[in-house]
Amino acid sequence: MAAPSEPVPPSINFMDPIRYSKEQLAVIDHPASEPLFIEGPAMSGKTTAAIARLANLLKEQTSSRVLILTPQKSLAKPYFDFLSQQSEFKGSHPSILTISGLARLLVEKFWLLFSGQAGFGKPFEKPHFLSLETAQYVLSKISEPYFKQGYFHSVVIERSRLLSQILDNLNKSALVPFPPEEISSRLNLAAGIDPPIRIAFDQAQECALNFRKYCLQHNLLDFSLLIETFRKHAWGTPPCKDYFYSSFQAIVADNIEEDFPVSHDFLREWLHTKRAVTLIYDQGGGYRSFLGADPQNAYKLKDEWESVITFRDQFRQPKPLGVLRIALNTSIQFDKLKSMSPSIRQAYEVSSYQFYPQMISDVCEKIFHLVETEHTHPADIVILAPYLSDALKFSLSQNLSQKRIPHTSSRPSRMYLVHPVIRALITYAKMAYTNWPLPITRLEARNALLTSIPGLDIARADLIVQTLFSEDEKRFRSFDSMTNPVTQERISFQVGEKLENLRQWLGDEYSDMDDTPLDIFISAFYGELLSQKGYKLFEDLEAANTVHQLAQSIQKFRQFSTDYLNLSLSQANVEYIRTLQEGLLPSSFLEQEMEFESALRIEPAHTFLMENRPCDYQFWLDIGSMGWWERLNQPLTNPYLLRRNPFETRQWNDVDEFQSNQQSMLRVVEGLIRRCGKKVFLNAVHVNEYGTEQRGPLLRAVQALQKHLIQIERPDDV
Amino acid sequence: MFKPRPGQTEVINYTGGKMGVSAVPGSGKTHTLSFLAARLVASGELAADQEILIVTLVNSAVDNFASRVAQFLTQMGLIAGVGYRVRTLHGLAYDIVREHPGRIGLDNHFSIMDEHSAMEILDLHVRNWMQANRSILENYTHEDFRFDHKYQEWLVFLKTLAANFIKQAKDFQLTPEDTSRLAENEHLNFPFIQFAHGVYENYQQALQQRGSVDFEDLIRYAFQILENDPAFTERLRRRWPVILEDEAQDSSLIQEKLLRLLCGCDGNWVRVGDPNQAIFETFTTADPELLRAFLREADVKKYDLKYSGRSTQSIINLANQLIHWSLQEHPVLGLRGTLTEPCIHTTLPGDPQQNPADQPDQIYLDETPYSADKELITIARSLKKWIPENEDKTVAVLVPRNTRGAELAQELDKQGVPFLERLKSTKPTRDVAAILANVLDFLVHPTYKRSFSTAMKSILNSKEDLRVERAENKALQKALTVLLKNYDLERLLEERSIDWLEMNAQILPETISKIEYAQELLKKWQFAVTLPVDQLLMTISMDLFQEPADLALAHKLAVLLETGASINPSWELPDFQDQLESIAENRFSVYGFSETDMEFNPDLYPGKVVITTFHKAKGLEWDRVYLMSVNNYNFPSCQENDSFSSEKWFIRDQLNLEAELTAHLKNLVLSNLEISTRTEGEASLKARLDYCAERLRLFYVGLTRAREQLIITWNTGKRGDCVEALPLNALRRWWEDSNAH
């Protein structure tokens, strides 16, 4: 038994130094072979305790027989961190998987046993797993004739968004699960939909079913078909089950509130087969509801677990933040605010600005003060917004850079092609692949240089392009070949040397580029040159991440298109660029890993919540934005109607929509404040960056709180 | 704080239900309505989730209202900004659609199409139609002309015709499917129906492909969402338990329907307006009759705000005489009653705003038949003399059209009279586009010294506090020349700073700091150049602009360029720069969210002539006002020699095709397609009456802008055949008679 005074291993604990709480000790001491349900609010130390218990478990169990299941990879970080510090294991590493990871593992392994019965057209050939991009690509090819017939004419959205909504509907049908034939009738439960949109629901379902049919015929498994095949077919074959049960004795599922109903079903089944299933449930969570996560369904599991340990309190959060959390919660729900401790003022600060630029510079000024004067570590500061436009990100980044504050940002849903790094890489690829029928303009060449050579100003970049770039040959001539020494000097020999390296790499390393897969080229060019010291992307972790994603995406596309569409390597390369120009979404949506522990972060609020880590200072931008409140509104899908047990007898109406938006904002606000260690800076801006005024519910709740506090503090004036 | 007059008291003591208020010019309606809003907020009867909703016509009024309500609340010891919301109809519609975009097939990030892009779409389809339907246009061309020679006129006209048709159809909530019923009706022998319907259909398709809506869609969609969803409507009724509507006389059909729906049967709705000042009716469905009909409704409490402290007794007498003349003496029966009572009354003793002392000698209704040029010269001379003697007074010249304003500006410039324009696209609009175009030009050509200088000057001119006055211009130019002589451009874009002393050029420290400021911005933006164009533009504008209008406009331009980029994937920086430049030069009017007529306070410009159109002068007042070009061309009265700008001179039989087309649309709304088989030309005649009525109201608006002094002139027009406008003639004779006694 652990002694109550023993400090928690610092490696897994951000609240160091602390001692285990009573609840934590109860978890740690709970017999490793027995199921356990742990619940509690965020930051109450559930995962910390579960990991300590895991350490005990690993002493008893063969570690390879432990499965750790999380809804997405970022949530498994504490487990990865813990395991990376363990030097000795009995057997191999425990498995850390998501439900789709597990599905893929088992579907691949037992494919031949069920592929025919599951309806695949080529049961004796290997399956191919589609990424989001390749799935979207296939769907777009299948839907093309329908678009030509005038389908979806009532829906005013871009093609790529429309396609992703069709896929999203299919995914939900697999994760909930419900038959894909129900998609339209479920969406039709929404009230107030304009009649032409209802026709589009039917059309969306028709395209989804056609896509499914095509996938089955060609052994293509998109995310939805993977889950469906696993649940309905693979899992039903006795060898698969046997294999699983003999592999895993103990299962730890963390953040089950962010997981899908289908995962919950498996957890229940594993419990009933006498596995030591430990579930961890975060009471305030549910941030992935729009992806199909179902916290209510997760919570129902509790009834079937005999042992439940409930964590009540949050660790070491200053009292004023707790007061703020409750006050905002009350205010958001329009309940009457009661008297509250004046200490609440220490927990937050509201600033109002007329315009975005003022807000940005003031926020950066405050951050500078925190870092310089109060010696706050930049990693203990986060800037949060519901949406993060590139212009906003850019302005913040420029401002922070001037103040020499290390910072980083993630923006998962951004389109590939708008990313300057990707555009630069594509330009270089066009230089390297001389046979491509794709021209390079001077400005493209200039932008590529500006993105790669540090300290290069736009005038010098332009000079280089004017004097050394040939649009016909699609490459730079040698710096040494310049005849005008004055221009050479203006460009500077330092820059010239960099240019020469770029040139040589592009020309020499891969002389016959056409046979090189594009992803290999991108990775090599980035890895061997652009990311090296002396180049602009050196130590640019965000760029590294972006390039990594790009290379992965190209690789998946290449494998898929050469295997299944019979494209040549060269065709696949060009087809990828073409598809990119049509607007692809990154496959690793919300799956970005960010390991920048020394930097301040600029993130969408949801991303921050899904990283599940505390941060001392939070700057919330544009609290008037509707983004703090509303769900992602997509005309052809609806997360609430495509979930388990929607109401069958009545419509989904405005009251439901309003309530769910309210709940979602409550969850976000609660989740953020729970993850705050010292202070929240609330920033309101009168005119948003689009020039319109927004008076969203969060702003109004904050205003009501302010009004209340003024009344308490100056009762005579009112 | 606020001492109400009779009439105002009743309004501010409003307790609920429907109320209609007729307010004469200068009666303090904005003030009264703002106070009412503040009082309702302060009453404590609003729940935490409720707001008073104030709806007004233009963005300038939104700011005006918001600041007044805030001021009252602060005086009451409450915090401003809570418990009320001020919106234009477009802003309100945006709020509504924004909450449920999915219901009508949009997502959260839908974009709003601007006039420029809309016109580009129309251009394409109109040209196609013209090519295929040449014989129709030949048939409709005036016999004095050949169609081939009038191609350009037809093109411009048809684009406007199509744009207005689409706007009206949307106001009537007619979709292309609806208008197809008109187009397919074989009995209608009017080919422009098929034309307008076809363009409408193509236009809507183009919007859909771009994921865009236009402003009229926004309102239509808002109404549709509310109509489709009673629960949502109910929630909004709870959120906005009281609606205060200003400028209700200019309310369009759909605005009234939308507010009626939001208010509900037993809701609380206060509508304030002056039917005599309805001047936005042409080409819209707005109609002062809507407000008059509302005032007649049984459950509506009616009040008049008839006291006004704005003008002298003489000026009020003139305005009231115009009402009397319109009611009793107008020679055209169909125009009698265009202006209605209440008349304007001077304020009562004890009122904080007493009317200015009367100066009948400062009223001058000039009977001289000036030529167009002579009129300009006369007014410019008069101002040149008057201004130095009255530097603390405010003065405006009201012109019927933008072009006339531009001519006057030229003349004033020539005579050295200080002035300020408030015309179609205000100067800031053109400036924003031009400044951005100049900065982009430098980013396209970073090695051109001229581009650098222009960009630097543009940046400085965009900042109020850094603006380079004429006197300083030379010094700046000199400094830039010296700088560029000593340094290559790449050196100016590096981190290393500039050694000004070394140049030995005796440049003033203020000039240096200005240059360094602009230089810093260029240094920063050079790295934004790899961003997508919309983000680049926003980054630049975030640094440059502070004014909401400028920011909104800059964003609009960013969206515009982004749309251009998505339609033409091969476009690069130079293409965008071209586009911006053409916007700056062509002076597209940009309306809606980025409306540039932001709050304007004439009292801030004493000693300077404000040139404005009659329309833009609404709501404003000056010590001295000139009304110019008041002839029968600008203010016709359905007299024999009157001409009508809607009856295009190159079209046969004085047909007003727009009016003809509108008549068909209206019949479609009334489901009365048979009526539409009537003879061509009927609607054109009817439209004359409407137009004359609106111009008469416009004249009334002009008159009532003056506090103390009023000068009215007219001219004989381009061809020398125009006469004094009928109402002016009537007023002048009355004035001369009454002053003769």
Residue that is nearest to the other protein chains (Cβ to nearest Cβ), among those in segment A:171-193 that are more than 25 Å from A:Tyr564 (Cα to Cα) and of a type in the set (S, T, N, Q): A:Asn188
Any chance B:Phe419 is within 29 Å of the chain's Cα centre (by Cα) and of a type in the set (Phe, Trp, Tyr): yes
Hits in segment A:435-459 - residues which are of a type outside the set (A, V, I, L, M) and either touching a strand residue (DSSP E or B) at 6+ places or on another chain (Cβ under 8 Å) or open to solvent by less than 30 Å² (accessible area, probe 1.4 Å) (or both): A:Trp436, A:Arg442, A:Arg446, A:Thr451, A:Ser452, A:Asp457
All positions within segment A:475-499 that are assigned to a loop (DSSP other than H, G, I, E, B) and among the aliphatic types (A, V, I, L, M): A:Met482
Single residue of segment A:267-281 satisfying the filter (farther than 15 Å from A:Glu306 by Cβ and open to solvent by 10 Å² or more (accessible area, probe 1.4 Å)) that is nearest to the chain's Cα centre (by Cα): A:Tyr281
Search result, residues across segment A:441-484 that are within 13 Å of another protein chain (Cβ to nearest Cβ), in contact with a Gly (Cβ under 9 Å, 6 or more places away or on another chain) and among the basic types (Lys, Arg): none
A:Phe493 of a type outside the set (D, E, K, R) and open to solvent by 90 Å² or more (accessible area, probe 1.4 Å): yes
Residues of segment A:194-228 that turn out to be touching a residue at least 60 places away in the same chain (Cβ under 8 Å), more than 14 Å from chain B (Cβ to nearest Cβ) and not hydroxyl-bearing (Ser, Thr, Tyr), as a count: 15
Where a residue in segment A:652-672 is within 10 Å of chain B (Cβ to nearest Cβ) and its partner, wherever it lies, is of a type in the set (D, E, K, R) and not in a helix (DSSP H, G or I), with Cβ under 6 Å and at least six apart: A:Asp654/B:Asp229; A:Asn661/A:Glu630
Within segment B:523-537, tally of residues that are at the interface with chain A (Cβ under 7 Å from one of its Cβ atoms) and either under 10 Å from B:Glu562 (Cβ atoms) or in contact with a Gly (Cβ under 7 Å, 6 or more places away or on another chain) (or both): 2
Residue count, segment B:126-153 (criterion: under 27 Å from the mean Cα position of the chain (by Cα) and surrounded by 15 or more Cβ atoms within 10 Å (Cβ to Cβ)): 2
Selected residue (only one of B:Arg98, B:Arg85 is at the interface with chain A (Cβ under 8 Å from one of its Cβ atoms), free of Cβ contacts under 8 Å to residues at least 24 places away in the same chain, within 23 Å of A:Ala684 (Cα to Cα) and crowded, with 19+ Cβ neighbours inside 10 Å): B:Arg98
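Okay, residues lined up against (1) assigned to a loop (DSSP other than H, G, I, E, B); (2) among the hydrophobic types (A, V, I, L, M, F, W, C); (3) at pLDDT below 85:
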site	(1), (2), (3)
B:Thr612	no, no, no
B:Tyr626	no, no, no
B:Phe635	yes, yes, no
B:Gln639	yes, no, no
B:Ser645	yes, no, yes
B:Lys648	yes, no, yes
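This table checks each residue for (1) of a type in the set (Asp, Glu); (2) closer than 17 Å to A:Ile623 by Cα; (3) free of Cβ contacts under 8 Å to residues at least 40 places away in the same chain.
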residue: A:Arg325; (1), (2), (3): no, yes, no
residue: A:Leu328; (1), (2), (3): no, yes, no
residue: A:Ser331; (1), (2), (3): no, yes, no
residue: A:Asp335; (1), (2), (3): yes, no, yes
residue: A:Ser343; (1), (2), (3): no, no, yes
residue: A:Pro357; (1), (2), (3): no, yes, yes
Failed criterion for A:Met513 (all others in (1) under 20 Å from A:Tyr576 (Cα atoms); (2) open to solvent by 30 Å² or more (accessible area, probe 1.4 Å) hold): (2)
Helices (runs of 4 or more DSSP H) enclosed by segment B:1-101 - at least 3 residues per element that are closer than 30 Å to A:Gln634 by Cβ: B:89-99
Those residues of segment B:693-741 which are among the small types (Gly, Ala, Ser), under 23 Å from B:Pro331 (Cα atoms) and open to solvent by 20 Å² or more (accessible area, probe 1.4 Å), in sequence order: B:Ser738
Criterion: modelled with pLDDT of 90 or more and within 27 Å of B:Lys159 (Cα to Cα) - qualifying residue of B:Leu698, B:Leu710: B:Leu698
Answer from B:Ala372, B:Ala437 - the residue that is crowded, with 22+ Cβ neighbours inside 10 Å and small (Gly, Ala, Ser): B:Ala437
Residues being out of contact with any Pro (no Cβ under 9 Å at 6 or more places or on another chain) and not in a loop (DSSP other than H, G, I, E, B) - total across segment B:703-734: 13
Subset of segment A:337-351 [outside any helix (DSSP H, G or I), open to solvent by 20 Å² or more (accessible area, probe 1.4 Å) and not polar (S, T, N, Q)]: A:Leu337, A:Lys338, A:Met340, A:Glu349, A:Val350
Selected residue (only one of B:Gly44, B:Gly17 is modelled with pLDDT under 90, surrounded by fewer than 23 Cβ atoms within 10 Å (Cβ to Cβ) and farther than 23 Å from B:Ile96 by Cβ): B:Gly44
B:Glu516 vs. criteria without any contact (Cβ under 8 Å) to a residue 60 or more places away in the chain, acidic (Asp, Glu), more than 14 Å from chain A (Cβ to nearest Cβ) and under 25 Å from B:Leu436 (Cβ atoms): yes
Residues of segment A:294-336 classified as part of a helix (DSSP H, G or I), in contact with an Asp or Glu (Cβ under 6 Å, 6 or more places away or on another chain) and surrounded by fewer than 20 Cβ atoms within 10 Å (Cβ to Cβ), total: 0
Residue ranges of helices (runs of 4 or more DSSP H) in segment B:473-579 with at least 2 members within 30 Å of B:Leu207 (Cα to Cα) and in contact with a strand residue (DSSP E or B) (Cβ under 7 Å, 6 or more places away or on another chain): B:548-567
Flag if A:Leu291 is farther than 22 Å from A:Met43 by Cβ, touching a His at 6+ places or on another chain (Cβ under 7 Å) and either crowded, with 17+ Cβ neighbours inside 10 Å or within 14 Å of chain B (Cβ to nearest Cβ) (or both): no
Test: residue in segment A:86-108 that is of a type in the set (Phe, Trp, Tyr) and modelled with pLDDT of 90 or more: no
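The values are calculated or read from the model by the stated rules, or taken from the named source; none is laboratory data. Everything numeric in this text was worked out from a predicted model, so none of it was measured. Counting neighbours? That spans all protein chains shown, and the Cβs are built from the backbone with ideal geometry, glycine included. Note: accessible area is taken over every heavy atom of the protein model, side chains too, but ligands, DNA and RNA are not part of it. Shrake-Rupley method; radii C 1.70, N 1.55, O 1.52, S 1.80 Å.
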